[in-house]
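Enquirer: I have a structure I would like to understand better, so I am pasting it below and will then ask my questions one at a time.
Any read-out appearing in this document is the output of simple, stated calculations on the displayed coordinates, not a laboratory observation. In this text the structure is predicted, and so the values were computed from the model without any measurement. Glycine gets a Cβ as well: all are built from the backbone with ideal geometry, and neighbour counts include every protein chain shown.
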Amino acid sequence: MLINTIKKISLDKTSGWHTVCVLASIFFLLVSFFALHRFYSFYASYDQALFDQLFWNTIHGHFFQGSLSSGQSSAVIADGQIHKVFYNHLGQHFVIDFILWLPIYALFPTGATLVILQVALMAAAGFVLYALARHYLPTNIAVLIVAGYFGANTVIGPTFANFYEHCQIPLFVFSMLLAFAKRKWSWFWLFVALTLGIREDTGITLFGFGLYLIYTRRHARVGIALCLVSFAYVSIVTNQVMALFSNDNSRLYLREYFGKFVPGNNSPSTLQLLWGMLTHPVELFKSLLTPFDRRVRYMLNHWLPLLFVPAISPAAWITTSPPLLVLLLQERKSALGVNIRYALTVMPGIYYGAIIWWSQNQERFNASVRRWWVRCIILSLIFTVTSSPNRAFYFLIPESFNPWMYTTLTSQWEHVGHIRALMNYIPASSSVSTTTYLLPHLATRREIIRLPHVQIENDFKQIKYVDFILADVWRDLRYQKSFQDERVDLVNFASSIDKLINESKYGIIDIQDDVILLQKQFISKPEVLSKWSSLRTELQR
């Protein structure tokens, strides 16, 4: 349906908004359907649950607190401390814009709300992008730019991912650029503030647009002001404000992602990191260019739905240079993934650069260019679907060909039924420890952690064992022959459960389809212990 709509894009100037509405509707309906299917069939994972719990805690008066967020802290990861229910997420990421969406979540307090919210924000950004493009371009080119947006792997992929604060970036940045184009300065600075409030490092994205305004010289003062505001915000928030909550931003993220530039510094500041980059030019150059093929493929994915125009657009290169530099310098390979949230930090500059280039080269647009552009959008859609971003199409595309990993729709939903049956035993107020893919469906509670952890520090600062343990090893058992890590984890899991049962800390309520439910101080029935004996043999085999 989406492909046919793209093929029929009209050159009639009066049909632009109608075409964009159709494209946005198709995008919203299809992506929402598959994203919800991914969520309800238990393919969402840790961060979906983390943000769900943050929203749930906040509407219940515990602003930005979360035991799952505590599980990502340096205190737990590096120091081996117990998860805390009162841990404040703002020490990891300064995500104050979440307050904007609390009324919506309060009406529908469930993880599915965040799924729809993410899709809706990405779809809404398409409308603002069209308004921005129409300010500079005729209808036919503007519509194709929006079609490229809705057909881009770098848009669809991150939208299928777990909920992240990055889904606000396209809407707020495009709105800021539209306000700038219209010279609505109060609105411009409002959207600058909203963009900064998305996360502590979104000022890096804004810094690129400030550089472009300085480069054009027509609005150098605004560009200088935008660069100064962005740099000051990032510096003050990361070095001063977030430190009031914890040292996780510097100790975990800056050291983990950019530690090679600050060797020996276990808790670098933003300014120390910048100095480290300047004083390690060889390491900086290597990080920018190697591995070269991976960097080329990453940029091609960004350029493809726009007919590769951003590759020759100075505006695109200038605006994307700061966030792109951050991604290239990271030690993690996943930073350059087109299906994850970080692609959204680069994407607005890519599209703005395409708009500016076409505004200066409209005479180059003709029927042949239009046909090739549509083909590129269709090719981008094909690449997106066949890559099954974030396992959204796991029932159509195998998760792996070598080794072979494929889950049918019927087997997955049959397994979901067994999970739901055991989840019904767990009261909404009880504390629970569970495996990664079950977390999003139990996250709306004060006390929840991920296995193998089974202890938690409550609001009274008392360390206690969780009330329930729910573990799903069905997927791991199916693929354990392919991955050594899974085999080791399963053996360790079996030993941990045996220890908890033998020490009379927990008893098994039931086991269904390789999903096991334990309750604290529960007496296991003989027939259930027999089930566990069989499952344990399989786990340890």
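Enquirer: Relative to the longest principal Cα axis of the chain, at what angle does helix 343-360 sit, 0 to 90 degrees, rounded to 10?
Expert: Value to nearest ten degrees: 10.
Enquirer: At a Förster radius of 35 Å, what calculated FRET efficiency corresponds to the Cβ-Cβ distance of residue 462 and residue 241, to the nearest 0.05?
Expert: 0.70
Enquirer: So what's the angle, to the nearest 10 degrees on a 0 to 90 scale, between helix 409-423 and the longest Cα principal axis of the chain?
Expert: On a 0 to 90 degree scale, this one is about 60.
Enquirer: Specify, per residue and in Å³, the volume enclosed by the convex hull of the alpha carbon atoms belonging to the stretch 116-168.
Expert: Details: hull volume 3.6 nm³, N = 53.
Output value, Cα hull per residue: 68 Å³.
Enquirer: A further question follows. If you take the charge dipole of the chain about its Cα centre, with +1 on Lys and Arg Cβ and -1 on Asp and Glu Cβ, which of 154, 243, 178 is farthest toward its positive end?
Expert: 178
Enquirer: Residue by residue through the stretch 229-242, which ³J(HN,Hα) values in whole Hz follow from phi under the Karplus form 6.51 cos²θ - 1.76 cosθ + 1.60 (θ = phi - 60°), with glycine and proline marked x?
Expert: Going residue by residue, I get 4, 5, 5, 5, 5, 4, 5, 5, 5, 6, 9, 10, 5, 5 Hz, with x marking Gly and Pro.
Enquirer: Let me ask something additional. Across bins of 20 angstrom width beginning at 0, how are the C-alpha pair distances of the chain distributed, in whole percent?
Expert: 20, 52, 25, 3, 0
Enquirer: To the nearest 20 debye, what is the magnitude of the charge dipole of the chain about its Cα centre, counting +1 on the Cβ of each Lys and Arg and -1 on the Cβ of each Asp and Glu?
Expert: Result for the chain is approximately 1600 debye, rounded to the nearest 20.
Enquirer: Additional query: If r is the Cβ-Cβ distance from residue 225 to residue 386 and R0 is 45 Å, what FRET efficiency results, to the nearest 0.05?
Expert: Rounded to the nearest 0.05, the efficiency is 0.50.
Enquirer: Same structure, new question: Using 0.36 nm per residue, how much length does the chain from residue 404 to residue 530 gain when fully extended, once their Cα-Cα distance is taken away?
Expert: Difference between extended and current length: 42.2 nm.
Enquirer: Among 512, 456, 212, whose Cα sits farthest toward the positive end of the charge dipole of the chain (+1 at Cβ of Lys/Arg, -1 at Cβ of Asp/Glu, about the Cα centre)?
Expert: 212
Enquirer: I want to check the label-to-label distance for residue 186 and residue 17. Put each point 7 Å from Cα in the C-beta direction and report it in nm to one decimal.
Expert: For residue 186 paired with residue 17, the spin-label model returns 2.4 nm.
Enquirer: For residue 55, what is the net charge nearby, where nearby means another residue's Cβ is under 14 Å from its Cβ and Lys, Arg count +1, Asp, Glu -1?
Expert: -2
Enquirer: Sorted by mean Cβ packing within 10 Å, highest first, what order do the peptides 162-168, 285-291 take?
Expert: By packing density, highest mean first, the sequence is 162-168, 285-291.
Enquirer: Using the Cβ atoms and a cut-off under 13 Å, what net charge is assigned to the surroundings of residue 427, where Lys and Arg are +1 and Asp and Glu are -1? Please list the in-between numbers first.
Expert: Working: positive: 445, 446, 520; negative: 447, 467.
With Lys, Arg at +1 and Asp, Glu at -1, the neighbours total +1.
Enquirer: Now for a different question. Where does the charge balance sit around residue 101 when Lys and Arg score +1, Asp and Glu -1, over other residues with C-beta under 15 Å from its C-beta? The partial results should precede the final answer.
Expert: On the way: positive: 199; negative: 52, 97, 165.
Here the count lands on -2.
Enquirer: Among 427, 395, 496, which residue has its Cα furthest toward the positive end of the charge dipole of the chain, with +1 on Lys/Arg Cβ and -1 on Asp/Glu Cβ?
Expert: 395
Enquirer: On C-alpha positions alone, give me the angle between the axis of helix 111-136 and the longest principal axis of the chain, in degrees, nearest 10.
Expert: Compared with the principal axis, the helix lies near 10 degrees.
Enquirer: If each Cα of the stretch 408-540 is one equal point scatterer, what is log10 of I(q)/I(0) from the Debye formula at q = 0.09, 0.10, 0.12, 0.17 Å⁻¹?
Expert: Ignoring solvent entirely, the Cα scatterers give -0.25, -0.31, -0.45, -0.92.
Enquirer: Considering only C-alpha atoms, what is the centroid distance from the stretch 419-451 to the stretch 252-327, in Å?
Expert: 38
Enquirer: Explain nothing, just the number: dipole magnitude of the stretch 408-540 about its Cα centre with +1 on each Lys and Arg Cβ and -1 on each Asp and Glu Cβ, in debye rounded to the nearest 20.
Expert: 200
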